[in-house]
Amino acid sequence: MFAYIVRRVAYAIPILIGVNLLTFYLFFVVNSPDDMARLHLGVKRVTPEAIDKWKVERGYDKPLLYNEAVSGSAKLTHTIFFEKSVKLFAFDFGHSDDGRDISHDIQQRMKPSLAIAIPTLLVGLLINITFAMLMAFFRGTYVDVSGVILCVVLMSISAMFYIIGGQFLLGKLLRLMPISGYDTGLDAFKFLVLPVVIGAVSGIGAGSRMYRSFFLEEANKDFVRTARAKGLKESLVLFRHVLKNAMIPIVTGVVVVLPMLFLGSLLLESFFAIPGLGSYTIDAINRQDFAIVRAMVFLGSVLYILGLILVDMAYTVVDPRVRLS
Amino acid sequence: MIMPVILWTDALVFLLVAVVLSFVLYARSKPHLRTPWRHVLGSRLASASIVILLVYVVIGLLDSLHYRAALEDNGAGEEVHYGVEVLSVLDYLLEPLHTRTEKTYSSPFATHLYTRETIQHPDGSQTREYPRLIWGGRHLADPETDFARDIRVRVATAGLQALLLTGLLLVLLGVWLARRSRHSLGHAIRSILAGRTRIPLRVILLTLGVLALLFCLALNLSTAYHVFGTDKVGQDVFYQTLKSIRTGLVIGTLTTLVMLPFAILMGILAGYARGWIDDLIQYIYTTLNSIPGVLLIAAAILMLQVYVSNHPEKFETALERADIRLLFLCIILGITSWTGLCRLLRGESLKLRESEYIKAAVSLGVSHASVIGKHILPNVMHIVLITVVLDFSGLVLAEAVLSYVGVGVDPTMNSWGNMINSARLEMAREPVVWWSLLSAFLFMFTLVLAANLFSDAVRDAFDPRLRQR
Amino acid sequence: MSQPLIKLQDLSVRIGYGERAIRPVDGVSFEINRGETFALLGESGCGKSMTALSILRLLPQPAGRITGGHVYLDGEDLTALPEIEMRRVRGRRVAMIFQEPMTSLNPVLSIGDQIGETLRQHHQLKGRAARARVLELLDAVGIPDVQRRYGEYPHQLSGGMKQRVMIAIALAGEPDLLIADEPTTALDVTIQAQVLELLQKIQQETHMAIMLITHDLGIVAGMVDRVAVMYAGQLVEEASRNRFFADARHPYSQRLFESLPDVGKREHALRTIPGFVPALDHEFKGCRFAERCDQAWDYCHTHTPSWNIETDHQHVRCHLADVNVIAPPRTTITETAKRHAAAGHHNGETLLDVSGLEVHFPIHKGVFKRVVGHVYAVDGISLSIPRGRTQALVGESGCGKTTAGMGILQLLRPTAGSVRFDGTELTGLKGERLRRRRSDFQFIFQDPYSSMNPRMRVGDIVEEGMIAQRIGKNRQARRQRVEELFAHVGLSPEHVQRYPHEFSGGQRQRICIARALAVDPRLVVCDEPTSALDVSVQAQILNLLKQLQNELGLSYLFITHNLSVVAYLADRVAVMYLGRIVEEGPVAEVLERPLHPYTRALISAIPQVEPDSQREIIRLEGDMPSPANPPSGCHFHPRCPSAIPECRERYPEETARGEHRVCCFLYR
């Protein structure tokens, strides 16, 4: 098991290198630092001095790949590639374009993101499984058919309308909870209820429908017939035999996104003004802060790969047929 | 005189139309494609969805025929000058909606502005009141008394027109059916009305009837009122949302068109060739997949912005700038979304490669190219088709989110995402400006729902695993 | 005699709705007494499984339902019971085991749990008592090391072991009736012998009744008391076993016997039943078998035969057995089986010479795909096939026989050894040169359903090889040849425009044969070409293959597990075990006087159609080991009843006895 994880981590390195090269190419080769400076400074104040000053302040004044001006190993390390891309591997994200410590920001903003993402995931999971089980139990009847159509209708509504509608209905009309904002500690609860409810509800359509198909897939297998031939009750057949097998894709599907929860939800956080990583990313995009975007790209890929490793491990837990080797 | 303008996305849209038409012709000759399509057409929900989707497509296509109108000639023999503004056939058809702008917000069917203004009276006094709209209800002498009657008359006219139109459609469908089934027209119409046709023509007719009613209502009402109100700068919201249709369709379809060749080629190659080619392709898509989609799109769009702002000379008009951004968005969305299809195709090709009929072809000495073209490609096409229709609605929804995040289409372009984004800021207003959101919601929801129902039917018909049930 | 245990009365089942609903069971009546073994015999698609499922009311939902008739269990009508009551019958009074042990067990529950479930449901046994009983049951079905197996999952067991677990689940409820639906079809002969023996042993101990559903006359002969033959949703004959084997009355039953291949019929074409089982989605008029019956006359096509009672409780649904119907004088019945045309190409010249062929698959592990071991699928086999002759290669699943066939034809690259075809070494050929050569040797696959591209017309499928090999001047010439080939393999030339799914299994296999013949091969490797087909259709294909060999002088490498096919068709036979040939020689020699203990066990395990043949089955212990990790010394020694210490040390070299070769220390 340990050897397996080590191997998987080793396998992740070329992928991270690829991600890094790609972002380096996008951010520094397609457009030179000069271009970025010009964009940031606006057209009016653009003088060569201002551009140089902007670059020096942010460490973009070095050559891209190879520094002729210095000697020794510094030829390679005193470059934009080394300072901005290679250092990411040490999780050294550097400073944002307006001078803030990105690593510190990320640590700070992780908590609110998780405070929304985890309850949303759990509540959604519970609702979806229940709905899907109901539809599977009544498969082929009108309950099932109308459930499926309801799911299609629900998944045809953009997540933004769920948020806007929810804010309007629950926050503004009924005044049940604050429309947006965030607080630390236990006070956060009242701010979290609305986003969590909306987050979970917006996922019902797609989620329940998918889980229903997992259930039906298992319900048509031979061993379910064996279970019925034993004389088991239909509920026992469904819970013991169907659910247990259908949990394999459900659990692994959840596990693979677990690490990504750290990144938070772009929409929920920005609509509800929650200071998490999702709104951090959006702000960075809107401010055109390339340093933060770069850092988040790297962090995102690390978490994605972590998800892949976790899902392999999850298989060994939920599926007796799979053994890591 | 007009000068046709072909934008990048226009060209691709018409290429796509050509591809779809040739696919239809191809599918007609192949029973393994014809049978499932017949299944799709036989489903009531699906055929209603197809009608709705077709209406959207027609609007989108009309909006893809661009031109620049000639300026007023000020003398004979002179060179013709064309206006800077690029218009589409849809703009021409919607001329009144397009040009009748108000000062600022007005609610649907309003005759007065939504905000109070200080009015200078001839007698020198000033009052704060809601001024009359320039266009909305301008034919009414006294809106207070005439409004309700005017609406009633217009709705009644529309209802009548719609009824006539539906009747006409019924006869047309009847003629078509009678010619196909070689029955009398009366028999054909009776079987349509009784719902006895193989293709659910009654449902199609019903859908068409509803659409005809909506069309006639729009025709009668939108020429006199702003049926969905006006936005901050006084533009008709109904016009905006109709213009947004093209954006949504382009994102939903061109993205797929752009990524399809890559996904198919790479997926089949990886599965068929295996070895290091497989490793390489897997590496490429794992790497692309590992970057969160929104961030990759954001990074690419930001870079495009930098590029465009530094090279203004390459883009003549604002529309061209917006268009290149739209195309780029399609490409970058394609790059983030081809990996899923590629992986599916790789898996299927791996499986097919071991199948006995491919082994048989190899043992007959058939070349690799022929094996891929004759055996693998036709047997994975259903996966491609299912993916394409399933992806469509997701992409339409994604456009809205991306525009909200600020990395979607150009802010000057009409799109549902931009409509939502600008309207969202007004949610805090008292009283609320809700009509932009509502119209964007209605049009988007209808499109996505129709697409979802359609793709469900397509998947049920084409997925062999589902068919066994 | 007391009341029968179970009694079916005019049972009818429909699947689907409307005009095209399938009627897999259409008025079936029979009885089974306590302690009796009753066989329901029939070809695929005749409705025998649906009959069994409808007894337990487990028809596929929501489409399947019982539309008429009754099922009485001890006088109680099961079709009238509410679902809750029915649960007390399932597993407790009537238990069932299914054809596919691989998929019939829940992959995520342990063996112990799955057996314990029945105990809890019907005997309220829990905890330690349940565990003890499960262990007892596992032991009773012959599973070794029960303590360890209790906690294991299905994927850790072999096919035979899984079927034993299924039997244990069925026994847990202590049922009065056990329905076994083709319990051994998915298993190898030696494992089949073990499972059948187990069923017999259990029946002797518990006196439960067994309803055995099978298509295999040999199994029927070996273990049942009474047999009913089902055809197209109806019973056509019912009799005691002895009566049935001595004097089957229905023409269908008679043809079934005659279409079985064996050594005695070598010189003749097999009697076949023309056509195939009719689809069951419409009403029938007249006798359902009339279309395929060589004794049918006009009357049969218009009048439905009744269920005639003969002496000794034999029932026959045939007008010939009806005293009220006067049959016309028989004209066709005396026709003797057609003799095969004398083969003219037997000049004994070697066409294919394989020596030391090895196909090893590396097992990769880790990121860098390090090779950590090999699957020794084919581990040094030598064969030679003369022109116009048939060499059979027999063995159980997993012995490497298919891999050997593929390796010989270079569809899999051999790791070592040489394959000389007509003087050319094939192992070194590559790319275009190999592709050109491929017209000389062709492959016919096991499953006619998956060996044709479902998206192509069958004419194009047959033509494809001709295009690749540049045979035929132009499209028209090729088309003409395709039509000739269709006629040659017994299909109508008009069929070329159709798609594969429009054909039955036997017809598809004919198309596959036409495809192979299209490129004028000299050697054809047939990989179990008849194992997916019903007996009556198998005979058609065997006849065709033999006829083609005589006409075209083809050489066959015939890969199969079915020794009676070998006896009928082959000139020489090689027996494979775990990647190696253990015995090789002329068919008569090997089958009559087998030398290797494995060959002897294999031959003894085949169910014989003669019910009285009191042969002794040589029981092999356990399963075939994994080819990734073959036992030291002789691969067969762990299962060999006559192993000597030396067998463990090294692999025995080949000993020749005339034309007969064997690898065993007993014959040094």
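The values are calculated or read from the model by the stated rules, or taken from the named source; none is laboratory data. Values in this document were obtained by computation on a predicted structure and should not be read as measured data. No Cβ is skipped: glycine too gets one built from the backbone with ideal geometry, and neighbour counts run over all protein chains shown. Remember, those area values only see protein heavy atoms, side chains included, never the ligands or the DNA or RNA. Shrake-Rupley method; radii C 1.70, N 1.55, O 1.52, S 1.80 Å.
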Flagged in the range A:6-22 as open to solvent by 60 Å² or more (accessible area, probe 1.4 Å), over 21 Å from the mean Cα position of the chain (by Cα) and not hydroxyl-bearing (S, T, Y), in numbering order, are A:V6, A:R7, A:L21
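Can you list the helices (runs of 4 or more DSSP H) lying wholly within the range B:1-103 that have 3 or more residues being on the phi < 0 side of the Ramachandran plot and touching a Ser or Thr at 6+ places or on another chain (Cβ under 9 Å)? Explain how you work it out, then say what you get.
Numbers: elements: B:8-29, B:31-42, B:44-62, B:89-93, B:95-99.
Once the helices (runs of 4 or more DSSP H) in the range B:1-103 are filtered for at least 3 residues that are on the phi < 0 side of the Ramachandran plot and touching a Ser or Thr at 6+ places or on another chain (Cβ under 9 Å), what remains is B:8-29, B:44-62.
Out of A:V29, A:V70, I need the residue that is loosely packed, with under 15 Cβ neighbours inside 10 Å, away from chain B (no Cβ under 14 Å) and of a type in the set (A, V, I, L, M, F, W, C). Which one?
On the way: A:V29 fails: away from chain B (no Cβ under 14 Å).
That would be A:V70, the only listed residue that is loosely packed, with under 15 Cβ neighbours inside 10 Å, away from chain B (no Cβ under 14 Å) and of a type in the set (A, V, I, L, M, F, W, C).
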A:I285, sole failed condition from (1) over 15 Å from B:I291 (Cα atoms); (2) surrounded by fewer than 20 Cβ atoms within 10 Å (Cβ to Cβ):
(2)
Options A:F271, A:F223, A:F262: the member that is of a type in the set (F, W, Y), in contact (Cβ under 8 Å) with a residue 12 or more places away in the chain and within 14 Å of chain C (Cβ to nearest Cβ):
A:F223
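Taking B:F228, is it at negative phi and either within 14 Å of chain A (Cβ to nearest Cβ) or not in a helix (DSSP H, G or I) (or both)?
On the way: at negative phi: yes; either within 14 Å of chain A (Cβ to nearest Cβ) or not in a helix (DSSP H, G or I) (or both): yes.
Spelling it out, B:F228 is indeed at negative phi and either within 14 Å of chain A (Cβ to nearest Cβ) or not in a helix (DSSP H, G or I) (or both).
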Looking at the range A:250-308, which of its residues are assigned to a loop (DSSP other than H, G, I, E, B) and within 10 Å of the chain's Cα centre (by Cα)?
A:L258, A:G264, A:S265
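Test B:V432 against the stated conditions and say whether it is in a helix (DSSP H, G or I), more than 7 Å from every other protein chain (Cβ to nearest Cβ), more than 30 Å from C:L409 (Cα to Cα) and β-branched (V, I, T). Talk me through it step by step, then tell me what you get.
Working: in a helix (DSSP H, G or I): no; more than 7 Å from every other protein chain (Cβ to nearest Cβ): yes; more than 30 Å from C:L409 (Cα to Cα): yes; β-branched (V, I, T): yes.
Spelling it out, it is not the case that B:V432 is in a helix (DSSP H, G or I), more than 7 Å from every other protein chain (Cβ to nearest Cβ), more than 30 Å from C:L409 (Cα to Cα) and β-branched (V, I, T).
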Condition first: within 20 Å of C:R20 (Cα to Cα) and either within 14 Å of another protein chain (Cβ to nearest Cβ) or in contact (Cβ under 8 Å) with a residue 60 or more places away in the chain (or both). Now tell me which residues in the range C:55-82 satisfy that.
C:L59, C:P60, C:Q61, C:P62, C:A63, C:G64, C:R65
Somewhere in the range C:248-259, is a residue over 26 Å from C:I32 (Cα atoms) and either over 23 Å from the mean Cα position of the chain (by Cα) or not in a helix (DSSP H, G or I) (or both)?
yes
Residues to consider are B:F445, B:F392, B:F441; find the one that is surrounded by fewer than 21 Cβ atoms within 10 Å (Cβ to Cβ), aromatic (F, W, Y) and either closer than 30 Å to C:R455 by Cβ or within 12 Å of chain A (Cβ to nearest Cβ) (or both).
B:F445
Out of curiosity, is C:T206 open to solvent by 40 Å² or more (accessible area, probe 1.4 Å), of a type in the set (S, T, Y) and away from every other protein chain (no Cβ under 14 Å)?
yes
Go through the range B:274-291 and give me each residue that's open to solvent by 20 Å² or more (accessible area, probe 1.4 Å) and either at pLDDT 85 or above or part of a helix (DSSP H, G or I) (or both).
B:G275, B:W276, B:I277, B:D279, B:L280, B:Q282, B:Y283, B:I284, B:T286, B:L288, B:N289
Note on C:G142: of the conditions (1) more than 27 Å from C:E197 (Cα to Cα); (2) at pLDDT below 90; (3) surrounded by 15 or more Cβ atoms within 10 Å (Cβ to Cβ), unmet is (1)
Among the residues of the range C:176-186, is there at least one that is open to solvent by 10 Å² or more (accessible area, probe 1.4 Å), more than 27 Å from the chain's Cα centre (by Cα) and at pLDDT 90 or above?
yes
Checking the conditions here, which among C:G127, C:G112, C:G116 is in contact with a Gly (Cβ under 8 Å, 6 or more places away or on another chain) and more than 10 Å from chain A (Cβ to nearest Cβ)?
C:G112
Which of the helices (runs of 4 or more DSSP H) contained wholly in the range C:427-522 include at least 2 residues that are within 12 Å of chain B (Cβ to nearest Cβ)?
C:431-437, C:458-468, C:505-517
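Listed residues C:E117, C:E85; which is under 17 Å from A:K244 (Cα atoms), charged (D, E, K, R) and without any contact (Cβ under 8 Å) to a residue 60 or more places away in the chain? Let's see the steps before the verdict.
Values: C:E85 fails: under 17 Å from A:K244 (Cα atoms).
Result of the check over C:E117, C:E85: C:E117.
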Would you check which residues across the range A:229-247 are touching a helix residue (DSSP H, G or I) at 6+ places or on another chain (Cβ under 8 Å), surrounded by 23 or more Cβ atoms within 10 Å (Cβ to Cβ) and not in a loop (DSSP other than H, G, I, E, B) and list them?
A:H241, A:V242, A:N245, A:A246
Can you pull out every residue in the range B:347-364 that is at the interface with chain C (Cβ under 10 Å from one of its Cβ atoms) and either assigned to a helix (DSSP H, G or I) or crowded, with 20+ Cβ neighbours inside 10 Å (or both)?
B:L352, B:E356, B:Y357, B:I358, B:K359, B:A360, B:A361, B:V362, B:S363, B:L364
Members of the range A:44-61 found to be closer than 30 Å to A:L303 by Cα and open to solvent by 40 Å² or more (accessible area, probe 1.4 Å), listed by number:
A:R58
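Being surrounded by fewer than 13 Cβ atoms within 10 Å (Cβ to Cβ), within 30 Å of A:G276 (Cβ to Cβ) and away from chain B (no Cβ under 14 Å): is that true of A:G99 here?
yes
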Mind listing whichever residues of the range C:131-170 are over 30 Å from C:T190 (Cβ atoms) and either without any contact (Cβ under 8 Å) to a residue 12 or more places away in the chain or within 14 Å of another protein chain (Cβ to nearest Cβ) (or both)?
C:A132
Kindly indicate whether any position in the range B:126-145 is part of a strand (DSSP E or B) and open to solvent by less than 70 Å² (accessible area, probe 1.4 Å).
yes
Quick check on the range B:146-165. Is at least one of its residues modelled with pLDDT of 90 or more and over 30 Å from B:P96 (Cα atoms)?
no
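Every residue, every condition in (1) modelled with pLDDT of 90 or more; (2) more than 10 Å from chain C (Cβ to nearest Cβ); (3) open to solvent by 10 Å² or more (accessible area, probe 1.4 Å), yes or no:
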{"site": "B:C342", "(1), (2), (3)": "yes, yes, no"}
{"site": "B:S370", "(1), (2), (3)": "yes, no, yes"}
{"site": "B:G373", "(1), (2), (3)": "yes, yes, yes"}
{"site": "B:L377", "(1), (2), (3)": "yes, no, yes"}
Selection count, the range C:147-158, where residues are surrounded by 18 or more Cβ atoms within 10 Å (Cβ to Cβ) and over 11 Å from C:L105 (Cβ atoms):
2
